[in-house]
Amino acid sequence: MAKRTVIPFGPHHPVLPEPVHLDLVLEDETVVEAIPNVGFIHRGLEMLCKKKPFQDIVLVAERICGICSMIHGVGFSQGVEKVMDIDVPPRAEYLRAFWGELSRVHSHILWLGLAADAIGFESLFMHSWRVREMVLDIFEETTGGRVIFDVCKIGGVRKDIENEILKNRFSQQIDKIEEEYSKLAKVFTEDYTVCHRWSNVGVLTKEDAHKLGAVGPTVRGSGISQDMRTLKYGAYEHLDFEPVVENSCDCYARTVVRVKEVFQSIDLMRQVISKIPDGEVETKVKGTPKGEYFSRVEQPRGEVVYYVKGDGTKNLDRFRVRTPTFANIPPLLQMLGGCDLADVPAIVISIDPCISCTER
Amino acid sequence: MGYFAKSPWLLHYDGSSCNGCDIEVLACLMPKYDVERFGIINTGNPKHADVFLITGGINTQNIDVVKNIYNQMGEPKVVVAVGTCATSGHFFSECYNIIGGVDKVIPVDVYAPGCAAKPEMIIDAVVKGLGILEEKKKKMSPK
Amino acid sequence: MDWVTFLILFPLIPAVILLFTKSVQLQRVVVLVSSALIILGSVGLACNYMQAGGTYLPISSGFFNGLVILGDIVLALVFLYVCRKLPIKKYWIPLMVVIQYGMVVTADLTGGIPETNRYLYIDNLSIVMALIIGVVGSLIAVYTVGYMQHYHEQHKEIKDRRCTFIAAIYLFFFAMYGIIFSNSITWIYFFWEITTLCSFIMIGYSRKEEAVHNSFRALWMLLLGGLAFSVGIMYAANYCGTIELQKLVTMKQSLVIFPILLLCFAGMNKAAQFPFGGWLLGAMVAPTPSSALLHSSTMVKAGVYLVLRCSPILQGTASGAIVAFIGGTSFVMCSALAISQSKGKPILAYSTIANLGLIVLCAGIGTSFTLWAALLLIIFHAVAKALMFISVGTVDHQTGSQDVEDMHGLVSRMPILTFTMLIGLGGMFLAPFGMLISKWAVIEALAVRNPVYPPIVIFGGSLMLFFWTKWMGTLISVVGKQPPIKAKGIGFDEWLGLGGLSILTIAACVGFPWIGHYWIQPLYGWNPMLSERIEVSVALMLGLMLLPPLIFACRWKRLVHTEPYLSGLNVENKYEYLGSLGAPRRWSFGNYYINKYFSEAKLFKGTIIGTTLLWILMFFMENL
Amino acid sequence: MFEEQEVKIIKKENLHSEVQTVIDDDYRLVQMCATKTDKGLDVDYTFDKEYKFLDLRVELPADKLELPSISGISFPAFLYENELHDLFGIKISGIAIDFAGKFYRKDEEAPFNNNTEIQEK
Amino acid sequence: MTTTSTILVILFIILAPVIGGIISGGDRIISAKMQSRVGPPIVQPFYDVLKLMGKENLVVNRYHGDYMICFLIFTIVSGCLFFGGNNLLLVIFALIVAGVFLVLAAYCTNSPYALIGAERELLQMLAAEPMIILSAVGLYVVTGTFDVYGIANCQHIPIIYLPGVFIALTYVLTIKLRKSPFDLSTSHHAHQELVKGLTTEFAGPSLGLFEIAHWYETVLLLAMIFLFFGSYWILGIILAVIIYFIEILIDNINARIKWELMLISAWAVTLILGVGNLMILYFVFHI
């Protein structure tokens, strides 16, 4: 039989914005073996908790990942707030949810663009990111940052959004985003070549998805309803939503999940705008954390787990993040077996890898 | 020859950034900023590239990778450190696995600070790099 | 008469001498001298008869005819002798021998065969064949001496019977010259079966289990052709009243189509057309010179030669169209199958069947256009394929593998040998080398006819492009300094064979406008080279082919050497990268084989069934 | 609203059987992590079943940082186990895909279980 | 060679890269507009090539540049044969030889991505060549000659007889022009699994040669489209422009497909539209 091809895929590779590495073993163009290696951007930032006071770790948490930084901040803050028994003002919780959903929209559209790029659909990539810029405009106006916001803090948020602006201008802006986005969504779900590239590619059965511990859109694309927002943390206690679930278990399903989740997030933002109460946006933090808690929140990529443990000093004893991509690597390996070389980028992207999260 | 300034091709590598700068680099290519106006293309292959955009600090693992990619770029070439992490390491320089900014490993020509560096900043840095590119070309020519 | 008799009978002398010569040096001398004589004889023959057109060489005495009958009987006995160890359930192999020889010999002895005195015939087609046998064959024979020496050094377990092997080559020359000069089909039949015997001896040379099995497969398949041949003789003798080939092909179509089809069957069977492709693939277990000589450049050519002879009858008939279609199917299918192969010799075997298929396709259509192309194909294929075979054989000896994958970067290890292989490969498919030119002629010739045939040629040609380029690329990958191969060195005979064939390949390419003009045009009365523009462009492209070597000779300044791109994971050794598990890992590359579509498992059976049906249809059609 | 979280401390010897029970009960492995304590390391195995949170904790003494691998029971554990090995220096035997200390390539041996770090603090 | 053909050949050698470069620049602008961007200036491709020529000549080994030169020369020659009014089949074969040299150049570099790119390029050739040769056969069937001038001067418009062949040719033209969805072996933007495929190891001047050869190739392929309009040359030019625009459009509205679909679809199109068209001509209209 033919000799096998062995190639390094990454860390520097144009389809991967981030360094991840796979040893691919191919026969013709079929992948027969893939061994991952992460660790190219391992910084060891969990150890920073020993060097910086716990309030500052929020900033570190936000910089775990530049795409879902808002929710990282929220997740970490919630952990500390639980340990310290802080009541966050409702308005702050709503604002966190607003920015959180906004960053989910931003992240998903960004992902859709990258996914289109991974299958060689340049113009769809461009158009996705064009729509994304409209989302970033809201961020820039409200927080001053485009990708990293630094608005979350323990005990609330740093900035408030005026009700006037929120209810009028932003809700109009959201309408516009939705309108532009619906056109894109149609291409992502209906275009022939797009479906060709995603259908029956990277199949992850429901059983495997559960067994291998997939999270987020990856597991929801395999027909399992799992969304940490159902835990009703923060403002989600008052917001209505149903996790989006697709049953075809392939890359296409995962795409559709994300496409639909953008609409879901837009809906959640509208709920936030209509339900947001008035009041303070932060409470004073007194004392130091003592105790431990596993804080679980839903990121655009799935469930993220923060483990915080304080021993009563200003520095945390342990700060640990388990990011969704980390959990999605075993399912990824499962999906890669037997796929085409051309599918590798599509499949790798389909779990929405965030390597800087994974390696911290 | 002034063609280097008219057709700089980019190469982007993520040192150990948080993605923030990376997506801003990509955002430069997008309709809103559209750097192709200046003939800038994101090549993705070091052998074709003129400008090396590197985001994030350097950790022990990727020193070799960064050096390797840098060495595979043909002269003249310019290195742009994008974001605070790439210029100095940001607060990650306190981490055990981070050495510091990119200039610890390869010579950097332009620094573009910011967390995350805004697209305007990145474009500005690249344009600044073009002048350096031309100068380097001139130094190369007489040989 | 003189040249022809010389060429037919002379090879018997070295055959007998070599059978009893054990010393390598002596073998070498005998082979060199007799090869030189045969080459001279062939060239002399060509010079003498080229302008003469078709000439009969009458033999009045029945002496030779008597010898042929005697030879038939001896051959039959030899066949039965080799079958002695066969298991009883394979009774049908000797049975075939008994039936066919029973018929022919009985008829001959009882006077059932019409008398004639025009036993020999020579025209430009025979001359082309004679030159191929003489020149290409002799070069291979020269190569054989050195090859067999290496062969036995490497395979100590195989009994040294190389005298038999080399003697068989000369016996084979005798038979081949007999086939191409004979006009009587009984004579052709006699020589025909000798080639079958030679093939049998050579395939089974190593006496390994696989070799013996394959040799018997080849035997029964070829005997089936012989059977058809003998039936054809009987039919021609009884119903057409003649056994002269030239007479048969000028008779009324409806009268002779049946025996002609039987002859075509025998010819295509010998040319390993489907459904009989199996024997040729099995024949690759034989030592390489026999693959080069019998199974690519000469014996199988005898098959297509016979079909070409028959083509005047086939032209325009439905049966002819089906013959063409079977050839076309073999062409496309074998080209596709060759893609799935990674070993050198099977690739060459498949492409041989494919090219023979193309020739059969041309012959089946039988217009002067296609015949012109067919003859060119025969010439180019013979030289280039023989070169390829012996190159692969040499590589096999030097590196111990004939797998294309193992030839990765051969240019860095054995530059000169690679260069000869590149010439052979170029000859197989690149413009302006011969094969592509002929393919162009085929397409041009077929375009007028019918839209069914051009796509066959076009698709087959594209498939060929795939596997040849793949091979070529693998060879020329520059892998840098390599540890030298523990070569036993390529001997003088081998270099002579390789060099001679390389020069021939190039010469055929350069000279083909003249070949077309002086040889083929008188034969078939048409020459596409007549158009001035084409000559210009072909000459232009030929000239350009000189450019690459010149460009390669240039040493460009200011090159900056670097390492291949390995995603940034280069380590010191440039064939390794830092693998996932933290240790350097060797990267590698395997060519594509597209087994999903082109594997033997997927195509072989279907092709056999399809072509068998076509054959049945063809004979059936004649009865309508 | 904060969820209820159950932390169950188990013995190292029972690790396999406990994990097997939990996995058989259709839990999925959420994460594994270790925390440095005064006595040694606490290793957490976190599971989830339909939003029900379960944490199994094994306490390892500082002088005997050894654990059997559970990647045979739950395949995804191999990543966490490599991580635990690289960051905390826990010797884990029988990992499905063992990177042998090259999972994160770093200069420091077991940076999270490093005594100098604590003295600094 | 007549004076006209000499002039045409010289014009081709001089003007083809200019036209090809402008076409490529226009392509980039139109693509940019389709992506709601501004895009580069129209002469951008020339800047790029001039820059590449000025770059350091990075090589993995010293031979691949030589193959690239052969690739360029044979591309130019096939164009010259075409404009010199030679046999169309020979033109195509010369183009195939050029393609083979490109593949060999990639093989020569012996780098994993380039090798896979080379193999993919071969697959692309396998998919595209049959239809290109078949279109020459089609033109022959209609005009009775393989001669380029003969076809260009024929009295009727071949496309009327050969709509299927024309559409099928347009289909595989996408493969030849390396446009999405068929930019498998190398793409304009390296956001694919093969980095830059077969051009991965070509740096500086050799990449410049590749670009220039691609310009020649583009002009030649568009000229083949032009042949379908016989002597109605204005119509031919207009249609060639429209076809190229359609190619850009296809490029922008499709994801890159996988090799299997490419091969199967290209062959299916060749067989159904190309061969089918010829069959109909032969059996129904008896041409």
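The values are calculated or read from the model by the stated rules, or taken from the named source; none is laboratory data. Everything numeric here is computed off the predicted structure, so don't read it as measured data. Cβ coordinates were reconstructed from backbone atoms using ideal geometry, including for glycine residues, and neighbour counts include every protein chain displayed. Accessible surface is based on the protein model in full, side chains and every heavy atom, while ligands, DNA and RNA are left aside. Shrake-Rupley method; radii C 1.70, N 1.55, O 1.52, S 1.80 Å.
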Subset of the range A:104-117, residues within 12 Å of another protein chain (Cβ to nearest Cβ) and in contact with a Pro (Cβ under 8 Å, 6 or more places away or on another chain), comes to A:Ser107, A:Trp111, A:Leu114
Output for Cβ contacts, cut-off 6 Å, separation at least six or different chains, first residue within 14 Å of chain C (Cβ to nearest Cβ) in the range D:102-121, second part of a helix (DSSP H, G or I) and modelled with pLDDT of 70 or more, reads D:Phe103/D:Asn82; D:Phe103/D:Asp86; D:Tyr104/D:Asp86
C:Tyr170 meets each of (1) among the hydroxyl-bearing types (Ser, Thr, Tyr); (2) over 24 Å from the mean Cα position of the chain (by Cα); (3) buried (at least 22 other Cβ atoms within 10 Å of the Cβ) with one exception, condition (2)
Those residues of the range A:1-44 which are farther than 30 Å from C:Lys596 by Cα and more than 7 Å from every other protein chain (Cβ to nearest Cβ) amount to A:Val20, A:Val38
Apart from one, (1) crowded, with 17+ Cβ neighbours inside 10 Å; (2) of a type in the set (Gly, Ala, Ser); (3) out of contact with any strand residue (DSSP E or B) (no Cβ under 7 Å at 6 or more places or on another chain) all hold for C:Ser588; the odd one out is (3)
If you go through A:Gly66, A:Gly120, the only one that is buried (at least 24 other Cβ atoms within 10 Å of the Cβ) and more than 9 Å from chain B (Cβ to nearest Cβ) is A:Gly120
Can we say A:Cys49 is surrounded by 22 or more Cβ atoms within 10 Å (Cβ to Cβ) and part of a helix (DSSP H, G or I)?
-> yes
Quick count over the range E:178-212, residues being farther than 20 Å from E:Leu50 by Cα and touching a helix residue (DSSP H, G or I) at 6+ places or on another chain (Cβ under 6 Å), is 13
> Does the range D:69-86 include one or more residues that are open to solvent by 10 Å² or more (accessible area, probe 1.4 Å) and in a strand (DSSP E or B)?
Replying inline: no
Considering residues that are touching a helix residue (DSSP H, G or I) at 6+ places or on another chain (Cβ under 8 Å), open to solvent by 10 Å² or more (accessible area, probe 1.4 Å) and either closer than 15 Å to E:Val43 by Cβ or in a loop (DSSP other than H, G, I, E, B) (or both), the number found within the range B:26-40 is 5
Looking across the range E:19-55 at residues that are surrounded by fewer than 20 Cβ atoms within 10 Å (Cβ to Cβ) and in a loop (DSSP other than H, G, I, E, B), the single one that is farthest from the other protein chains (Cβ to nearest Cβ) is E:Ile42
Subset of the range A:222-258, residues closer than 28 Å to D:Tyr80 by Cα, touching a residue at least 60 places away in the same chain (Cβ under 8 Å) and not charged (D, E, K, R), comes to A:Gln226, A:Met228, A:Leu231, A:Tyr233, A:Cys251, A:Thr255
So, first residue over 16 Å from A:Asn37 (Cβ atoms) and at the interface with chain A (Cβ under 7 Å from one of its Cβ atoms) in the range C:584-595, second residue of a type in the set (A, V, I, L, M, F, W, C) and outside any loop (DSSP other than H, G, I, E, B), Cβ within less than 6 Å, six or more apart or across chains; the pairs are C:Ser588/A:Val6; C:Phe589/E:Leu115; C:Ile594/C:Ile339
(1) open to solvent by 10 Å² or more (accessible area, probe 1.4 Å); (2) within 17 Å of the chain's Cα centre (by Cα); (3) modelled with pLDDT under 85 all hold for A:Thr358 apart from (1)
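Yes/no matrix, rows are residues, columns are (1) among the basic types (Lys, Arg); (2) at pLDDT below 90; (3) under 14 Å from C:Phe429 (Cβ atoms); (4) open to solvent by less than 10 Å² (accessible area, probe 1.4 Å):
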| site | (1), (2), (3), (4) |
| --- | --- |
| C:Tyr453 | no, yes, no, no |
| C:Val457 | no, yes, yes, yes |
| C:Gly461 | no, yes, yes, no |
| C:Ile476 | no, yes, no, yes |
| C:Gly480 | no, yes, no, no |
| C:Pro483 | no, yes, no, no |
| C:Trp495 | no, yes, no, no |
| C:Ala507 | no, yes, no, no |
**Message:** Could you go through the range C:258-277 and let me know if any residue there is under 19 Å from the mean Cα position of the chain (by Cα), modelled with pLDDT under 85, open to solvent by less than 10 Å² (accessible area, probe 1.4 Å) and not basic (Lys, Arg).
**Reply:** yes
Here, helices (runs of 4 or more DSSP H) confined to the range E:112-203 with at least 3 residues that are surrounded by fewer than 24 Cβ atoms within 10 Å (Cβ to Cβ) and in contact with a Pro (Cβ under 8 Å, 6 or more places away or on another chain) are E:112-143
Taking the range E:75-95 and keeping residues part of a helix (DSSP H, G or I) and more than 7 Å from chain C (Cβ to nearest Cβ) leaves E:Thr75, E:Ile76, E:Ser78, E:Gly79, E:Cys80, E:Phe82, E:Phe83, E:Leu88, E:Val91, E:Ile92, E:Leu95
*asked:* Criterion first (facing chain C (nearest Cβ under 7 Å) and closer than 20 Å to C:Leu547 by Cβ) does E:Phe71 satisfy it?
replied: no
Is at least one residue of the range C:346-360 more than 14 Å from the chain's Cα centre (by Cα) and either open to solvent by less than 10 Å² (accessible area, probe 1.4 Å) or aliphatic (A, V, I, L, M) (or both)?
no
Of all helices (runs of 4 or more DSSP H) fully inside the range A:62-157, the set with 1 or more residues that are modelled with pLDDT of 85 or more and within 30 Å of E:Ile30 (Cα to Cα) is A:90-118, A:122-143
Do we have D:Thr37 as of a type in the set (Ser, Thr, Tyr), under 27 Å from A:Cys49 (Cβ atoms), more than 8 Å from chain A (Cβ to nearest Cβ) and open to solvent by 10 Å² or more (accessible area, probe 1.4 Å) here? yes
Against the condition within 26 Å of C:Phe459 (Cβ to Cβ), small (Gly, Ala, Ser) and at pLDDT 85 or above, how does C:Gly434 come out, does it pass? no
Being over 21 Å from D:Asn82 (Cα atoms) and either open to solvent by less than 10 Å² (accessible area, probe 1.4 Å) or not in a strand (DSSP E or B) (or both) narrows D:Thr21, D:Thr46 down to just D:Thr21
Here the residues within the range A:211-241 that are among the small types (Gly, Ala, Ser) and not in a helix (DSSP H, G or I) are A:Gly213, A:Ala214, A:Gly216, A:Gly221, A:Ser222, A:Gly223, A:Ser225
Going through (1) over 19 Å from B:Asn19 (Cβ atoms); (2) within 12 Å of chain B (Cβ to nearest Cβ); (3) surrounded by 21 or more Cβ atoms within 10 Å (Cβ to Cβ) one by one, A:Gly156 fails only at (2)
Picked from the range A:242-267 (must be under 22 Å from D:Glu50 (Cβ atoms) and in contact with an Asp or Glu (Cβ under 7 Å, 6 or more places away or on another chain)), the residue surrounded by the fewest Cβ atoms within 10 Å (Cβ to Cβ) is A:Pro243
Out of (1) modelled with pLDDT under 85; (2) open to solvent by 20 Å² or more (accessible area, probe 1.4 Å), the one A:Asp175 does not meet is (1)
